[in-house]
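The structure appears below as structure tokens.
The values are calculated or read from the model by the stated rules, or taken from the named source; none is laboratory data. Please read all numbers here as calculations on a predicted model, not as lab measurements. Using ideal geometry, Cβ is built from the backbone for each residue, glycine included, and neighbour counts are taken over all protein chains shown.
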Amino acid sequence: MGGRYLLRTFGCQMNEHDSERIAGLLESDGYVRAEEAAQAQVVVFNTCAIRENADNRLYGNLGHLRPFKEANPRLRIVVAGCLAQKDQGQIQERAPWVDVVIGTHALPGLLELLKRAETEGPQMDVREYTEVFPSALPARREVAHHAWVSIAMGCDNRCTFCIVPLVRGPQLSRRIGDVLAEVQDLARRGVVEVTLLGQNVNTYGRDLTVPGSSRRPLFAELLRAVNDIEGIRRIRFTSPHPHDFTPDVIEAMAESERVCEHIHFPMQSGSDRILKAMQRSYRSERYLSWLSRIREAIPGIAVTTDIIVGFPGETEEDFAATLDVVGAGRFDQAFTFQYSPRPGTPAGTMPDQVPKDVVQDRFDRLVALQESISLSRMREMVGRTAEVLVEGVGRKGGVQGRTRTNKVVHLGGDLAPGTFLEARITSAHPHHLVGELVRVTGVAAAGSQREPAAAG
Ligand code: SAM
Ligand code: SF4
């Protein structure tokens, strides 16, 4: 086939990883990347549905593309991902110039749908099951030293605010041997850092059995096995769910030297009443007690979290409980979200939706508190040295990298992505550190890569 493609990605790491698969599929068919829509024969939007502003952005982007399509009727416009799964036929009703709507489970059929669109007109596949784990598709990875590795798709939980189970379906874990084969292959290609992806990594393997036994593989077991793979120097994962968290994961983290000292541990709210309404079946005391156990077992570990403000029925008292837990938890960073009602979710139709101005006010207070905590956490690093893995050019020149604790560090100089170095931290800001090079300690492979299909 061939031609040029432009790919825009919205949303979380799962979507970024799916986009690598979309790019891999297109490139396996001879497409090459375009820099702008005017050069492209295919434009793909890989969408997110988690909050309403993601919907608005997609329809805004489709509006911008309309004149391009009018000027070039052979341009193919594809909407993929969670919003495609959620809005289905509505997308082509609202934007009839869209050629292909492809849901989260239909990705392997992308090339076929594009070919059919040539002769048969607009196509849509939003099936609710998948026969092929997307990781079995070829991937076009942007950087040579880091890779996302999907360990499970979908989610069996029903947090009342969340649209993910509706658009990504139930949990489907990937066989442990296939995950390990992919990581081994990545290591052979020069990847030194992997991030294991799942909506709820603690329930990884619940839907599998270990070959030759009736036992289920566990996430802790997977972590230890990835830790044994030669060449991998940093292992990250996201996200564990506080409800399903187990001590064996802490032990595996503490005992696996390549597992980084960082955990993203989504709290959502500090109010027990709101956690119950969210159907998050842990309470703030249990959450904080996990934090203490994690910090005791892994000294210096950084903890980040997700918090939603303005869930339906949230009172000032509930919000005060969130501020209290944020104060007690002293997170390194928090991703803070204003609650966004999502169609089809129980919370979307709950009474007592909190007025926008109240949500905004609480959000601003939460952000101010967390920024001050983040800054004080960052300041603890000043004067110390830390291992930094260079990721690329910094926004203000020089280079940017990350510590094992996932803190962003800006450094002067010109160092290739994939360089490991020791840096002395000289100053701190709420979201990044500034450092100076002490010495280079190693270099991973350089350049970007396209890989063949991984195992299942
Ligand atoms: N599976 C992860 C977990 O349970 O922690 C969460 C995945 S979700 C893609 C990322 C974050 O988006 C959630 O932790 C939550 O804080 C936020 N989020 C999800 N639905 C939301 C909604 N309707 N409004 C605002 N924030 C939302
Ligand atoms: Fe959504 Fe809850 Fe599943 Fe996370 S665990 S994806 S928040 S339903």
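Here are SER292, SER256, SER340, SER269: which of them is closer than 22 Å to VAL201 by Cα, within 14 Å of ligand 1 (Cβ to nearest atom) and either surrounded by 15 or more Cβ atoms within 10 Å (Cβ to Cβ) or of a type outside the set (Lys, Arg) (or both)? Spell out the reasoning first.
Details: SER292 fails: within 14 Å of ligand 1 (Cβ to nearest atom); SER256 fails: within 14 Å of ligand 1 (Cβ to nearest atom); SER340 fails: closer than 22 Å to VAL201 by Cα.
Matching residue, one of SER292, SER256, SER340, SER269: SER269.
Scanning segment 154-185 for residues that are more than 23 Å from ALA347 (Cα to Cα) and without any contact (Cβ under 8 Å) to a residue 60 or more places away in the chain, which turns out surrounded by the most Cβ atoms within 10 Å (Cβ to Cβ)?
Applying the first criterion (more than 23 Å from ALA347 (Cα to Cα)) to segment 154-185 yields 172-185.
Keeping just the survivors that are without any contact (Cβ under 8 Å) to a residue 60 or more places away in the chain gives 172-173, 176, 179-180, 183-184.
Details: LEU172: 18, SER173: 24, ILE176: 20, VAL179: 26, LEU180: 17, VAL183: 24, GLN184: 16.
If we take residues in segment 154-185 being more than 23 Å from ALA347 (Cα to Cα) and without any contact (Cβ under 8 Å) to a residue 60 or more places away in the chain, then VAL179 is surrounded by the most Cβ atoms within 10 Å (Cβ to Cβ).
How do the pairs read when you match residues in segment 229-251 that are closer than 20 Å to PHE335 by Cα with residues anywhere that are basic (Lys, Arg), using Cβ under 9 Å and keeping only pairs 6 or more apart or on different chains?
From residues that are closer than 20 Å to PHE335 by Cα, the pairs are HIS241/ARG280; PRO242/ARG280; PRO242/ARG286; HIS243/ARG280; HIS243/ARG286.
I'd like the full set of residues that are small (Gly, Ala, Ser) and within 16 Å of ligand 1 (Cβ to nearest atom), limited to segment 195-212. Working first, answer last.
Filtering segment 195-212 down to residues small (Gly, Ala, Ser) leaves 198, 205, 212.
Passing the criteria: only GLY198.
If we keep just the residues of segment 373-422 that are touching an Asp or Glu at 6+ places or on another chain (Cβ under 9 Å), polar (S, T, N, Q) and part of a strand (DSSP E or B), which is nearest to GLU193 (Cα to Cα)?
The residue in question is THR403.
Do you know which of the residues in segment 295-326 that are among the hydrophobic types (A, V, I, L, M, F, W, C) and farther than 30 Å from THR349 by Cα is surrounded by the most Cβ atoms within 10 Å (Cβ to Cβ)?
Initial filter on segment 295-326 (among the hydrophobic types (A, V, I, L, M, F, W, C)): 297-298, 301-303, 307-309, 311, 319-321, 323, 325-326.
Among the residues that remain, those that are also farther than 30 Å from THR349 by Cα are: 297-298, 301-303.
Working: ALA297: 14, ILE298: 19, ILE301: 20, ALA302: 20, VAL303: 23.
It comes out as VAL303.
Considering segment 111-152 alone, what residues qualify as being within 16 Å of ligand 2 (Cβ to nearest atom) and in contact with a helix residue (DSSP H, G or I) (Cβ under 6 Å, 6 or more places away or on another chain)? Talk me through it step by step, then tell me what you get.
Taking segment 111-152 first, the residues within 16 Å of ligand 2 (Cβ to nearest atom) are 150-152.
Answer for segment 111-152, where residues must be within 16 Å of ligand 2 (Cβ to nearest atom) and in contact with a helix residue (DSSP H, G or I) (Cβ under 6 Å, 6 or more places away or on another chain): SER150, ILE151.
So the check is Cβ under 7 Å with 6+ separation or different chains; which pairs have a first residue in segment 48-69 that's farther than 30 Å from PRO165 by Cβ and a second one that's among the aliphatic types (A, V, I, L, M) and not in a helix (DSSP H, G or I)?
Every condition considered, the pairs that remain are LEU65/VAL43; LEU65/ILE77; PHE68/LEU75; LYS69/LEU75; LYS69/ILE77.
So which pairs qualify, if the first residue must be in segment 323-341 and within 16 Å of ligand 2 (Cβ to nearest atom), the second must be modelled with pLDDT of 95 or more and among the β-branched types (Val, Ile, Thr), the Cβ gap must be under 6 Å, and the two must be at least 6 apart or on different chains?
Within 6 Å, the pairs are ALA334/THR305; ALA334/ILE307; THR336/ILE307; THR336/VAL367; PHE337/ILE308; GLN338/VAL309; GLN338/VAL359; TYR339/ILE308.
Out of the residues in segment 220-253 that are in contact with a Ser or Thr (Cβ under 8 Å, 6 or more places away or on another chain) and within 16 Å of ligand 2 (Cβ to nearest atom), which is farthest from ARG280 (Cα to Cα)?
In this case the residue turns out to be PHE237.
In this structure, is LEU58 within 16 Å of ligand 1 (Cβ to nearest atom), assigned to a helix (DSSP H, G or I) and aliphatic (A, V, I, L, M)?
Numbers: within 16 Å of ligand 1 (Cβ to nearest atom): no; assigned to a helix (DSSP H, G or I): yes; aliphatic (A, V, I, L, M): yes.
No.
Return only the number of the condition from (1) within 24 Å of THR304 (Cβ to Cβ); (2) modelled with pLDDT of 95 or more; (3) outside any loop (DSSP other than H, G, I, E, B) that ASN202 does not satisfy.
(2)
For segment 205-231, how many residues meet the condition of being touching a Lys or Arg at 6+ places or on another chain (Cβ under 6 Å), in a loop (DSSP other than H, G, I, E, B) and modelled with pLDDT of 95 or more?
Final tally of qualifying residues: 0.
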